[in-house]
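Below: the structure, in structure tokens.
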Amino acid sequence: MREDVVIRTVCRAMIPFIQLFALYVILHGSSSAGGGFQGGVIFASAFILYVIAFGIMEVRRRMHEKVVVALSSLGLYIYAGIGILCILFGAGFLGYSAIPLPVSAAETRGLMMEFVEIGIGLTVMAVMTSIFMDISVKEGGED
Amino acid sequence: MMEHLPVLVVIIPLIGAYTSLVGGWVDRRYAFPIAFINILTQFTAALLLTVRVMQEGVVRYNLGDWLPPWGIEYVVDRLNIYVLLILLFLSLLCCAYSKRSIGMEIEERKHTGFYTIFLLLVAGVTGITVTGDIFNLYVFLEISSLAAYTLVSSGRGGKGLVAGFNYLVMGSVSACFILLGIGHLYMLTGTLNMADLARVLPPLYTSTTLHTAFVFFIVGLSIKTALFPLHLWLPDAYTHAPSTVSALLSTVVSKMGVYATIRILFSVFTVEFVVGYFPVMEFLSWLAAIAIIAGSLLAIAQRDLKRMLAYSSVGQMGYILLGVGMVNQLAMTGGILHMLNHAVMKGCLFMVAGAFIFRTGFRRIDDLKGMGKRMPWTSAALVIGALSMIGIPPTVGFMSKWYLALGAIEAGQWVFLAVILASSLLSAVYFWRLLEYVYFREGEGGVEGGTGDVPLPMLIPMLVLAAACLLFGIFVSIPLSLIDPVAESLLGGV
Amino acid sequence: MEPLESPVPFIAILVPFCAAALILLSYRRRRLIEAYSLLASILTFALVLILLPRVMEGSEVTWSVLKLLPGANLGLHVDAFGLIFALTSSSLWIVSSLYSIGYMNAHDGHNLARFYAAFAIAIASALAVAMAANLFTLFIFYEILTISTYPLVVHEGTEEAMRAGRKYLAYLLTAGVFLLLSLLFTQHLAGGNEFTSGGILAGHATDFIVRILFLTFLIGFAKAAWMPLHSWLPTAMVAPTPVSALLHAVAVVKAGAFGMMRVICYIFGLELASAAGLNMALILIASVTILVSSFFALAQDNLKRRLAYSTIGQLSYILLGVALLTPQGIAGALLHIPFHAYMKITLFFTAGCILVSTGLENISEMKGIGRRMPLTMGAFTLGAIGVCGFPPLCGFFSKLLLAEGSVEAGAIPVLLVLLSSSVLNAAYFFPIIRTAFLDDPAEELRGRKEAPVLVLIPSLATALLSLLMGLYPAFPFLELATMAVRALAGGP
């Protein structure tokens, strides 16, 4: 891959902000516009930008394909795990308020919802990244 | 846990999908057992749920403890559970069948992904059956459709990819129509809960917007169910997909479209609407009748076994919709019963086709000479499946034909009666040709591949389905006991 | 008398089915297959025989197998009417099992497991048709009969056989669809389909609909090979001789004729049939078939085809008998089922014997064959005389009753048809006998001897049985027929 200082520098500067924004969108999903799906996609776009700037091999080294798989599964486990936790505490699936935390019911609900959003965000991010990585491998051989 | 069963049946395959992904990364061999055990667990859960439905009538579940119509509600009644059991039973058998059959058809590095997508598809179809929320239904419809596109194109060779792409395009068009329909409904009523919609819609029955929404639904669902002449994606997809996937598509995926159609026609809109205000049933029945004849005629013209079965599926979908379209209790029972029957017999036949390909690589009917001797058990399953498709008593195919024909007589629809009876003769033409090649013509040497039957993991699901063709035919009262009140409750208004 | 509940009829049907499964599973062991087949035939006959004393006492045996669909039960009901047919097919299965073994040994048969299994299933279906308690059961086994006989028709696997098989299916599956249609309408109109003496349709339909329904039934029972729906039968003669003998002279075709009788007597009812004028149509069809088929038979040189056309004619005797709607006519028709079966099977068996020992199929080549194979041709002669209706063979009695029936009904033209048919029968049978015995043996026949024992004995046995039943017609068939007719008339 050809070295391109401008793109690399801009990316280096941009990526943390994109990721931060993604986290913001994910965490504010429970109370405002946004949520796991949108945040996850934004997060994935940071990786995609990274791939464009530094090449797929670099990303592969930093984030192995197995990690992507693990992250996508982890996200789902968080989501389903919280849902089932609610069942275990006697409420319905995703009936957050039943989980006994030392805060008020409304706060519990908000907190758990954010966890769920994080889970969704992780999965979406991982899946989007993996799709992009697959496509880029197919197009240009190993690079 | 009993009260949470409606949501558990959806969550189990969702967790399983990713567990098999992780398991598959650890060791490729783990993916299959995880998937299989998962569907087995899910099937058990569905059986438990059946017990509850039989006791309580309708099981309701509010997701996240939000009350409907604000929250998403899962509603399981007899129709849902009946469809769910069919889907899971077939998924289980297809999963078992896939263990050996995908070996040749799908690259090995894709096997883990195959089972993940497989389970996602199962999660999607399960979600469709249990949900009582029309937008949720759309989401699950998309999950399962996307999974289906992927599975179709997962095989080796480019043809599957092209077929999968065509399927994707048609499926997405259909999804757009459905989404537009849902959007219109939401715009009109502000609710997405099916029961709520059915309650608030009647005063709006003359509204043009509602009619537009309804047309969107009909078109979208017709593509999903491959109703003639919107079936064009189907033959390629069924033919070029790996054998397991063909079986899965023809049994599970096609049924979910039919189920969604029945739900939306009768539970969101009502009989009153579809008969009185927007007389679409007559139109649908005629299309279905044409589908039956056209599907059979096109099947006669095919030389490729899987393609022939695919066209026959077009006709069989017509059977189900014809039963639904005649809007009387007997025909409706016949149509709903045929969902099970078609799943059982077509699943069996696609597995047989897959077994022939697995052993010999032959896809063309002319090449199957003398298979009766080389693969006796596979061919025996073929005979039972074929007889059932023709509708010879006491197989399942006859039972639905009986109900449909009685329904046609009751409705006074002589043309439909003739179509139903004539189509069994047409299917005799193309299935008998197949049997003639398999049993009564001697093979002419030059046989590549081994002889003998396929390995047990492929043989057993096939024989289970063949046995089901006979058993559900002889003991047809078992499925009937589940669906007997369904037709009545769907047709409540008439 | 109260009908007796007993599973015996059900077991009698189950035995051949189980035998078929066993035969298929042991497909590599020829002797075992033959043993199963023979044992099953004996067992089945014994089971049917158990029912005979019960029915003779005037009691009827019923067994409800399964409630299949609402309003459509799978049930068995044995009365004198059905027992005649059941006895005929099960008793002849034994002899034809023996005959098949001999024939297949002599012919170096292949695919024997398929052959014997399909044979057993066909017999089981014929039995079930005989003992069906309702139209639904009859229909189901009628269809199974069609399917199970297909492998037998195409057994040789030649191109000709495949073509014949396709024609066979085209006719009989289409017929099956018509029968289903009739069944559905009966169910719709009468709300049921149980066989009830006196019929169930009366009062449920207009004359017009009854006539239409009668027509669809008639097409549905195309197995009775009435003209013009007969041409599958001569075509099906490509099958091996045991198949032609038992199935296409007895079980399959009689299932059609028997079904038509059942439907006229127990679904339409005699009164409705005569009120709607159904009998006249049937008399016409049957008479035409009887006469035309005889002329067709005259023109055939292939012995099996000539016998096939003769069968077509004789089957219409049964239709004719029931169309007369008089007690004597129906009794005659019922009697003709077993009597014709015994005689015709003799003829087919002997045709097979000739084929086995000389390879000849055409009558013109059989000059002097009677001198080389006197026993075979003796049996043939007995059968031929019987079919023509001459005493002292059993064919005489059924024809006598039919003639009485036609006089009773005042249908003198029918009497003329019967008489001229006898003359025609003689016209196509006697030349064969003359050629066989009086002509000088051809060169090729020099040194040919009698057929193998295993095929010869069944032929002689059925010939002797036809003679015996001619000498003592009363037991059991005449008695059963009389009982059946009494029951139909509403008597005790």
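Laboratory data are not the source of any read-out in this text; all were calculated from the coordinates shown. What you see is a predicted model; the values in this text were computed from it and never measured. Positions of Cβ are generated from backbone atoms using ideal geometry, with glycine treated the same way; all protein chains shown enter the neighbour counts.
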If contacts are Cα pairs under 8 angstrom and at least 6 residues apart, what is the relative contact order of chain C in percent? 15 percent
If you restrict to DSSP beta bridges whose two residues both lie in the protein assembly as shown, what percentage is antiparallel, to the nearest 5? 90 percent
Roughly how compact is the protein assembly as shown, stated as its Cα Rg over 2.2 N^0.38 Å to two decimals? 1.09
Per DSSP helix of 4 or more residues, -39500 (n - 2.57); summed, then divided by the residues of chain C. What does that give at 222 nm, rounded to the nearest 500? -24000 deg cm²/dmol
What are the ³J(HN,Hα) values, in whole Hz, obtained from phi via the Karplus relation 6.51 cos²θ - 1.76 cosθ + 1.60 with θ = phi - 60°, for each residue of region B:69-80 in sequence order, with x given for Gly and Pro? x, 7, x, 7, 10, 9, 10, 10, 10, 5, 5, 4
B:Asp133's amide H: which non-local residues (gap 5+, or another chain) put their own amide H closer than 5 Å, with H modeled 1.01 Å from N in plane and none for Pro or chain starts? B:Glu73, B:Met194
Ratio for chain C, C-alpha Rg to 2.2 N^0.38 Å, reads 0.91
In terms of Cα to Cα distance under 27 Å, which lysines are near enough to C:Lys344, apart from those fewer than 8 places away along the same chain? C:Lys167, C:Lys223, C:Lys254, C:Lys304, C:Lys367, C:Lys399, C:Lys449
Residue exposure sequence - B:Met170, C:Met261 - by fewest surrounding Cβ within 10 Å: B:Met170, C:Met261
Ranked packing of C:50-62, C:111-123, B:314-326, most packed first, by mean Cβ within 10 Å: B:314-326, C:111-123, C:50-62
Quick one: B:Asp453, A:Asp4, fewest Cβ neighbours within 10 Å first, how do they rank? A:Asp4, B:Asp453
C-alpha long axis of helix B:5-26 to longest principal axis of chain B, angle in °: 40 degrees
Quick one: net charge of C:Leu4's neighbours, Cβ under 14 Å, K/R +1, D/E -1? -4
Between Rg and the Kirkwood Rh of chain B, both from Cα atoms, what is the Rg to Rh ratio? 0.95
Please report how far the C-alpha centroid of region C:343-397 lies from that of region C:120-141, rounded to the nearest whole angstrom. 31 Å
Distance (nanometres) between label positions extended 7 Å along Cα→Cβ at C:Arg371 and C:Ser26: 4.7 nm
Mind giving me the FRET efficiency for C:Ala474 and B:Lys373? R0 is 56 Å, r the Cβ-Cβ distance, nearest 0.05 is fine. 0.65
Would you kindly work out the equivalent ellipsoid of region B:2-57 from its C-alpha gyration tensor and give its semi-axes, the square roots of five times the eigenvalues, largest first in whole Å? 28, 10, 5
C:Ile50/C:Asn105 FRET efficiency (R0 35 Å; Cβ-Cβ; nearest 0.05): 0.65
Straight-line reach check, B:Lys224, cutoff 22 Å on alpha carbons, 8 or more apart in-chain or any other chain, hits among lysines -> B:Lys159, B:Lys255, B:Lys306, B:Lys346
What's the angle, to the nearest 10 degrees (0 to 90), between helix C:278-299's Cα axis and the longest principal axis of chain C? 10 degrees
Using the reciprocal of the averaged 1/r over all distinct C-alpha pairs, how large is the Kirkwood radius of region A:5-139 in Å? 15.9 Å
Principal semi-axes in Å for region B:267-371 [√(5λ), Cα gyration tensor, largest first]: 35, 14, 9
Rounded to the nearest 0.05, what FRET efficiency is calculated for B:Val415 and C:Ile212 with R0 set to 25 Å and r the Cβ-Cβ distance? 0.90
Cα extents of region C:277-492 along the three principal axes, largest first (Å): 60, 33, 21
For region B:1-126, the Kirkwood Rh over every pair of distinct alpha carbons, in Å, works out to 15.2 Å
Compute the Rg to Rh ratio over region B:287-494 from the alpha carbon atoms, using the Kirkwood formula for Rh, and round to two decimal places. 1.02
Helix-only estimate, please: 222 nm mean residue ellipticity of chain B, summing -39500 (n - 2.57) across DSSP H runs of length 4 or more and dividing by its residues, to the nearest 500. -24500 deg cm²/dmol
Quick one: length gained pulling B:Glu142 to B:Leu179 fully straight, 0.36 nm per residue minus the C-alpha distance? 12.3 nm
Distance in nm between pseudo-label sites at A:Ile135 and C:Ser197 (7 Å out along the Cβ direction from Cα): 8.2 nm
In nanometres, what is the gap between the two model label sites at C:Ser420 and B:Arg28, each 7 Å from Cα along Cα-to-Cβ? 8.3 nm
Using only Cα atoms, tell me the angle between helix C:80-107 and the longest principal axis of chain C; keep it within 0 to 90° and round to the nearest 10. 20 degrees
